Amino acid sequence: MGIIECILDRIFEHKILTTGCDGQDDQNPYLKRWYIRKRRGAQRGFQLYLHKIIRPDHDRALHDHPWWFWALVLWGGYVEEVMENGGQITRRHIGWLRLNRKRAEGIHRIDSLDGGGPTWTLFLTGPLERDWGFWESSKEVPDVGFDPPLWGWTHWRAFMSRPGRCKEKE
């Protein structure tokens, strides 16, 4: 850990997020989050995070969020996969000093990090609007064989608790 992270750790509450997927464990997190401003109350207000994205979401399905967000890339960049209307997946690059804006219903995942990472973002969220979850195609769901694939939403707790899936740890 560098000196900047040590200073941030002393100033702000922080959390390291891991999934334990694809052989990853607590020693190999995918995201470190510093809370610059935490939400007050159960669902009101906004939050401001500083994120250090350590690895992409390669081991997870596309997902949405419980709130709208704006992410400003401060260092590095990433390629994300985005589900468009009709279920088509497109890829787009979010580079240095670019702003990525998403509605809570925006479906995406980070596919790769520029230069292998890490990428730093300032991440602003709106108030809680909904539950969040993962979007899987019929090709990712066992025993379902539609062609072209159909997409279905699964609550994050149900997704993570499936046999053979990793458990999200915070």
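Below are the figures for this structure:
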{"read-out": "Options Thr90, Thr19; residue that is β-branched (Val, Ile, Thr) and at pLDDT below 90", "value": "Thr19"}
{"read-out": "Selection within the stretch 22-55 - open to solvent by less than 80 Å² (accessible area, probe 1.4 Å), in a loop (DSSP other than H, G, I, E, B) and modelled with pLDDT under 80", "value": "Gln24, Asp25, Asn28, Arg39, Gly41"}
{"read-out": "Strands (runs of 3 or more DSSP E) contained entirely in the stretch 104-170, each with at least 3 residues that are at pLDDT below 95 and open to solvent by less than 20 Å² (accessible area, probe 1.4 Å)", "value": "133-137"}
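The values are calculated or read from the model by the stated rules, or taken from the named source; none is laboratory data. Remember, it's a predicted structure, so these values are computed and weren't measured experimentally. Keep in mind that these areas ignore ligands, DNA and RNA; they rest on the heavy atoms of the full protein, side chains included. Shrake-Rupley method; radii C 1.70, N 1.55, O 1.52, S 1.80 Å.
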